[in-house]
2 protein chains.
Amino acid sequence: MNLSKINLLHKFDLFQEQWTPKIVAELNGQQVKLAKVEGDFVWHSHENEDELFYIVKGELSLEFRDREVRLQEGEMLVVPRGVEHRPVAEKECWILLFEPGETKHTGEVESALTKNDQDWI
Amino acid sequence: MNLSKINLLHKFDLFQEQWTPKIVAELNGQQVKLAKVEGDFVWHSHENEDELFYIVKGELSLEFRDREVRLQEGEMLVVPRGVEHRPVAEKECWILLFEPGETKHTGEVESALTKNDQDWI
């Protein structure tokens, strides 16, 4: 039985790639993923999945078509399914994502940034 | 449309009760809950729900029938469904729980600690 604890900062030390979510836990069909992000991501939405963003380190701006929400360390936001959004980080930001296991990080959009094979770390 | 950000420490400032999870977000049928805990909780399990514990502040010991896992700030652990566990905190500890919306915090056990009406904050 896997009862291993997960230290978030230790996990972040294991990879450097940006915009490449790494899976660290799974429960009830949902996954916890960690990602390092910097710069502008693509506009996208997830048709059937709500997506939670939690900021572990740094700052992230979540752009929506009609507003922008700036998130700092220790803050989270749920992007409801179907809502177009674009994450933007001026400097590297470390984020935790919580979403269904089948969620693609670029949603319905295929882009050069799309990673179809998300790895566990 | 609710696109409000959730600042965890600000939310923890809104309540003092221990062992009384407060709901702060909902997505994909799952809820994010915050709780302040201190002392020994009851042994219990959740028949159909995996439960994620994340430590926001302090230290928590998760006791299982065959082992104990000590979690510190920034660490998380998933307790699989059906596994008996008991959270114990020597000093007040602030935790984040992620679990299905219908999860009772004392699982199948009815105890003096059971709260059937979990509130949003």
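The values are calculated or read from the model by the stated rules, or taken from the named source; none is laboratory data. Note that the structure is a prediction, hence the values are computed from the model and not measured. Here the Cβ is made from the backbone with ideal geometry for all residues, glycine too, and neighbour counts use every protein chain on show. These area figures cover heavy atoms from the full protein model, side chains too; ligands, DNA and RNA do not enter into them. Shrake-Rupley method; radii C 1.70, N 1.55, O 1.52, S 1.80 Å.
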**Prompt:** So which residues in the range B:48-67 are within 11 Å of B:Pro87 (Cβ to Cβ) and touching a Ser or Thr at 6+ places or on another chain (Cβ under 8 Å), if there are any at all?
**Reply:** B:Glu51
**Asked** Just a yes or no: is a residue in the range B:101-112 buried (at least 17 other Cβ atoms within 10 Å of the Cβ) and at the interface with chain A (Cβ under 8 Å from one of its Cβ atoms)?
**Response** no
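Would you mention how many residues in the range B:58-108 are farther than 14 Å from A:Asn2 by Cβ and not charged (D, E, K, R)? So that I can check it myself, show each step before the final result.
Initially, the range B:58-108 is screened for residues farther than 14 Å from A:Asn2 by Cβ, giving B:58-61, B:63, B:65, B:68, B:70-75, B:84, B:86-108.
The next check asks that each one be not charged (D, E, K, R); those that pass are B:58, B:60-61, B:71-72, B:74, B:87-89, B:93-98, B:100-101, B:103, B:105-107.
Qualifying residue count for the region: 21.
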**Complete:** In the range B:4-37, anything more than 8 Å from chain A (Cβ to nearest Cβ), without any contact (Cβ under 8 Å) to a residue 40 or more places away in the chain and not polar (S, T, N, Q) is listed as B:His10, B:Asp13, B:Glu17
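When you look at B:Glu84, is it within 11 Å of chain A (Cβ to nearest Cβ), at pLDDT 95 or above and open to solvent by 10 Å² or more (accessible area, probe 1.4 Å), yes or no?
Values: within 11 Å of chain A (Cβ to nearest Cβ): no; at pLDDT 95 or above: yes; open to solvent by 10 Å² or more (accessible area, probe 1.4 Å): yes.
In short, no.
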**Message:** I'd like to know if the range A:55-73 contains one or more residues that are in contact with a Leu (Cβ under 7 Å, 6 or more places away or on another chain), hydrophobic (A, V, I, L, M, F, W, C), touching a residue at least 40 places away in the same chain (Cβ under 8 Å) and under 30 Å from B:Leu77 (Cβ atoms).
**Reply:** yes
**Request:** Could you please give the count of residues in the range A:29-49 that are open to solvent by 20 Å² or more (accessible area, probe 1.4 Å), within 30 Å of B:Asn48 (Cβ to Cβ) and touching a Leu at 6+ places or on another chain (Cβ under 9 Å)?
**Result:** 1
**Prompt:** What single numbered condition from (1) of a type in the set (Asp, Glu); (2) touching an Asp or Glu at 6+ places or on another chain (Cβ under 6 Å); (3) at pLDDT 95 or above fails to hold for A:Asp66?
**Reply:** (2)
**Item:** Any hit, the range A:57-67, residues being open to solvent by 70 Å² or more (accessible area, probe 1.4 Å) and closer than 30 Å to B:Glu102 by Cβ
**Value:** no
